[in-house]
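Notes to accompany the following structure.
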Amino acid sequence: MTAMRIPTPSASSRALYTPDERRRRDESVWTLVQGILAPVQFLVFLVSLGLIVRFLVTGEGLFAAQVSIVVKTLTLYAIMITGSIWEKVVFGRYLFARPFFWEDVFSMLVLALHTAYLIALFAGSLTSGALMVLALAAYVTYVINAGQFLWKLRLARLDHAERLRSPSTLGNGSSLTGSTS
């Protein structure tokens, strides 16, 4: 069995951020907001997941599970709105910027499933069990999407570290020949 090789960005690959985008990212208050909201949303997700599982296993705690899913959905909306603002500040567009295009595409599915849960809950169109299954489907997409963003964060850190080590570039992203990467 061979070990799985994790690809790392190289000087020849397209960087996640240009030097200007990296500067805007580092200077933006929205970067801090995202850094705070992401773990808060994950904590809300864990609590809510526990309440959903409790309801599915014991049949108890339906209201608590439902409220927790609504809270999780509201935190998702908050992080999506502020994330769109962050993308506008850093990349000049609210959604589907080149480095995060596929993450944003998948985020639309995450939003659609969470929103479908809210509609079904308030319309009373699904049984309690079906609502929980819909919530779990939304949560699976959330976990996948969070993994996409964590992967991009890792790639950005690896890219930045490699650019700092590379003898052909200076710390600001400019090459020794005067061009930018």
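The values are calculated or read from the model by the stated rules, or taken from the named source; none is laboratory data. Given the structure is predicted, the values throughout are model-derived calculations rather than measurements. Note: ideal-geometry Cβ built from the backbone for every residue, glycine included; neighbour counts use all protein chains shown.
Of the set (1) within 18 Å of VAL33 (Cβ to Cβ); (2) more than 14 Å from the chain's Cα centre (by Cα), all apply to ILE81 but (2).
Residue count for region 51-70 under the criterion of being in a helix (DSSP H, G or I), surrounded by 14 or more Cβ atoms within 10 Å (Cβ to Cβ) and without any contact (Cβ under 8 Å) to a residue 40 or more places away in the chain: the result is 5.
In the set (1) closer than 20 Å to ARG23 by Cα; (2) in a helix (DSSP H, G or I), the condition left unmet by LEU95 is number (2). Considering region 119-135, and only residues there that are surrounded by fewer than 16 Cβ atoms within 10 Å (Cβ to Cβ) and in contact (Cβ under 8 Å) with a residue 12 or more places away in the chain, the residue that is nearest to ALA64 (Cα to Cα) turns out to be SER128.
Is it fair to say ILE119 is closer than 30 Å to GLU21 by Cβ, part of a helix (DSSP H, G or I) and modelled with pLDDT of 95 or more? Considered against the rule, which asks whether it is closer than 30 Å to GLU21 by Cβ, part of a helix (DSSP H, G or I) and modelled with pLDDT of 95 or more, ILE119 comes out as no.
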